[in-house]
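Since the structure comes first, as C-alpha cells, the remarks are kept for the end.
Read-outs: derived from the displayed coordinates by stated rules, not from any lab. Everything numeric in this text was worked out from a predicted model, so none of it was measured. Quick reminder, even Gly has a Cβ in these numbers, built from the backbone with ideal geometry, and neighbours come from all protein chains shown.
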Amino acid sequence: MIKRPRRLRSNPIIRELVAETRLAKDMFIYPYFVVKGKNIIQPIEAMPGISRFSVDELVKDVAIGLKLGVNKILLFGIGEDKFEDAHSAHDEHAVVVEAIKALKKNFGNDLYIITDVCLCAYTTHGHCGILENDYVQNDSSLEVLAKMALAHAQAGADMVAPSDMMDGRIAAIRKKLDENNLVNTAIMSYAAKFASAYYGPFREAADSAPGKGDRKSYQMDFRNGNEALREALLDEEEGADIIMVKPALAYLDVIRSVKENTLLPVACYNVSAEYSMVKAGAKANWIDEQKIVMENMYAFTRAGAGIIITYHARDILKNGWM
Ligand code: PBG
Ligand code: ZN
C-alpha cells in the first residue's frame with residue numbers, strides 16, 4: 001500500500017497540521033432576547049443558560065460577555081404591544097431601540113450590534129408580515145419592515161438582519177437606509193430560511209408563534225435546495241452583505257451550495273431547538289456537551305459557513321472549548 005490516509009492521523013501534531021477547517025472566536029454571533037422593564041432576568045425553560053433580559057440587565061451581561069470575546073450580538077425585542085399593523089416594531093421607544101442606545105452608550109464600537117428585523121413579535125396574529133384576507137401580504141409588509149430596520153439603524157445598530165422572508169425586502173430595506181444616509185449599516189439576510197420545527201423553543205421565548213396557521217406561505221419548504229440557492233442569489237442582487245442559512249444542522253447541504261455560489265460571506269443560524277436538544281441530552285448525561293457542540297461548530301465551518309450564530313457561543317468562549 002502506497003496510499004495510507006492514516007499516516008496523517010498518526011499523532012496530534014500532524015492532525016493539527018492537516019486540519020482542513022479552523023474555528024476562531026471572531027466567527028461567533030450571540031443572540032439576546034430583550035424585554036421592557038427593569039431588573040429582569042427571566043430564564044427560558046427550554047433553553048437552559050439563555051434568559052430574557054431587561055435593558056439594564058442586558059448591559060451588565062454584555063459587559064461580562066465582552067470580556068470573554070462575545071463582541072457581536074443579535075438582538076430580539078419581545079413582549080411589545082401587538083397591533084394589526086405592527087407599528088410597535090418601529091416605535092422610537094421600542095425595547096430594541098432602547099437596548100441599542102444603551103449598549104452603544106456603554107460600549108461604543110467595542111460591541112457590534114445586529115438586530116433581527118421581523119414583524120412576528122409585533123403583530124396580533126404572530127405572522128411575520130401584515131395579514132389581510134388570511135394571507136400574509138408581501139408588498140405592504142415591506143414598508144413596515146423597512147421602517148423597523150431604519151429605527152434600529154438610526155438608534156445605532158451596525159447591521160440589520162431581516163428574518164421575515166418577504167420577497168424584495170432586502171432591496172426595500174437597502175433603499176430606506178440609503179435614503180437616510182445610513183449607507184454603512186450592513187444587511188445580513190436570513191436568505192434561505194426554512195419553515196422549521198426547530199424554532200419551537202424560540203417561539204416560546206419570544207412569544208411569537210402564529211396564532212393561526214403556519215409560516216409555510218413565506219418561509220421555505222424544507223424539501224427544496226435549489227430554491228434556497230435562488231433565494232440567496234436574489235438577496236445578493238438586492239444588496240445583501242451577508243447571506244444566512246437557517247436552521248443549520250439539518251441544512252448543511254444548503255450552506256455548502258450557497259457557499260459555492262456566492263462571493264458574499266455565508267452565515268448559518270444554529271437555532272433554538274438545535275441548542276435545546278444538545279442541552280437536554282447533556283443534562284441527561286446521554287452525550288458529552290463539549291464534544292457534541294464542537295463537532296457541530298466544525299460541521300458548520302466545513303459546510304462553508306464563516307459566521308456562526310449560536311446560543312452556545314458564550315459557553316464555548318467561557319469554557320475555552322476551542
Ligand atoms: C423571527 C425569527 C425566528 C427565529 C429567528 N427570527 C422564529 C420564526 O421564524 O418562527 C428563530 C430562531 C431560533 O429558533 O433560534 N422570524
Ligand atoms: Zn418573524
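Rounded to the nearest whole Hz, the Karplus-based 3J(HN,Hα) values (6.51 cos²θ - 1.76 cosθ + 1.60, θ = phi - 60°) of segment 185-195 follow the sequence 6, 7, 10, 9, 8, 6, 6, 10, 10, 8, 6, with x at glycine and proline.
Taking the C-alpha atoms only, the angle from helix 252-261 to the longest principal axis of the chain is near 80 degrees. Here is the tail figure for segment 92-163: Cα pairs spaced more than 15 Å apart come to 54 percent of all pairs.
For the chain, find the longest principal axis of its Cα atoms and tell me its angle to the long axis of helix 95-107, 0 to 90°, nearest 10. The helix 95-107 is inclined about 60 degrees to the chain.
For segment 243-250, putting each phi into the Karplus relation 6.51 cos²θ - 1.76 cosθ + 1.60 with θ = phi - 60° gives couplings of 9, 10, 10, 8, x, 10, 4, 7 Hz, in residue order, rounded to whole numbers and with x for Gly and Pro. Across the options Val271, Ile114, Ile40, the greatest Cα extent toward the positive end of the charge dipole of the chain (unit charges at beta carbon of Lys, Arg, Asp, Glu) belongs to Val271.
When each of the peptides 137-146, 119-128 is scored by how many other beta carbons lie within 10 Å of its residues on average, the order from highest to lowest is 119-128, 137-146.
How much FRET efficiency would the formula 1/(1 + (r/R0)^6) give for Lys36 and Ile292, where r is the Cβ-Cβ distance and R0 is 25 Å, rounded to 0.05? Before the final figure, lay out each step's value.
Working: r = 35 Å, r/R0 = 1.41.
Step by step, r from the Cβ atoms, then E = 0.10.
With the alpha-carbon atoms of segment 65-206 aligned to their principal axes, the span from lowest to highest coordinate is 48, 37, 29 Å, starting with the largest. Distance from the alpha carbon centroid of segment 173-187 to that of segment 17-50 works out to 27 angstrom. Charges were assigned to the Cβ only: +1 to each Lys and Arg, -1 to each Asp and Glu. The resulting dipole of segment 166-322 about its Cα centre is roughly 360 debye.
Kirkwood Rh over Cα pairs of segment 215-322 into Stokes-Einstein at 20 °C, 1.002 mPa s: D in µm²/s?
Value of D from the Cα-based Kirkwood radius: 145 µm²/s.
Between Ala284 and Val59, the contour length at 0.36 nm per residue exceeds the Cα-Cα span by 77.7 nm. Within a straight-line Cα-Cα reach of under 12 Å, Lys67 can be paired with the following aspartates and glutamates, leaving aside sequence neighbours fewer than 8 residues apart in one chain: Asp110. Here the sum of -39500 (n - 2.57) over DSSP H runs of 4 or more residues, divided by the residues of the chain, equals -12000 deg cm²/dmol at 222 nm, to the nearest 500.
Each peptide among 173-179, 221-227 gets the average number of other Cβ atoms lying within 10 Å of its residues, and from highest to lowest they stand as 173-179, 221-227.
Beta bridges per DSSP, both residues in the chain: antiparallel share near 15 percent. Specify the angular offset, from 0 to 90 degrees and rounded to the nearest 10, of the alpha carbon long axis of helix 272-283 from the longest principal axis of the alpha carbons in the chain. Roughly 50 degrees between the two axes. Which pairs in the list Lys105/Lys246; Lys104/Lys216; Lys193/Lys259; Lys60/Lys147; Lys36/Lys147; Lys104/Lys279 are over 27 Å apart, alpha-carbon to alpha-carbon? Listed pairs above 27 Å: Lys105/Lys246; Lys104/Lys216; Lys60/Lys147; Lys104/Lys279. Placing a label point 7 Å from the Cα of Asn226 along the Cα-to-Cβ line, the residues of segment 244-266 whose backbone N sits under 16 Å from it are 254, 257-258.
Quarter the surface of the alpha carbon convex hull of segment 22-318 and you get the mean projected area, 14.2 square nanometres. Can you figure out the FRET efficiency of Leu234 with Leu66, using R₀ = 30 Å and their beta-carbon distance, to the nearest 0.05? With R0 = 30 Å, the Cβ-Cβ based efficiency is 0.25.
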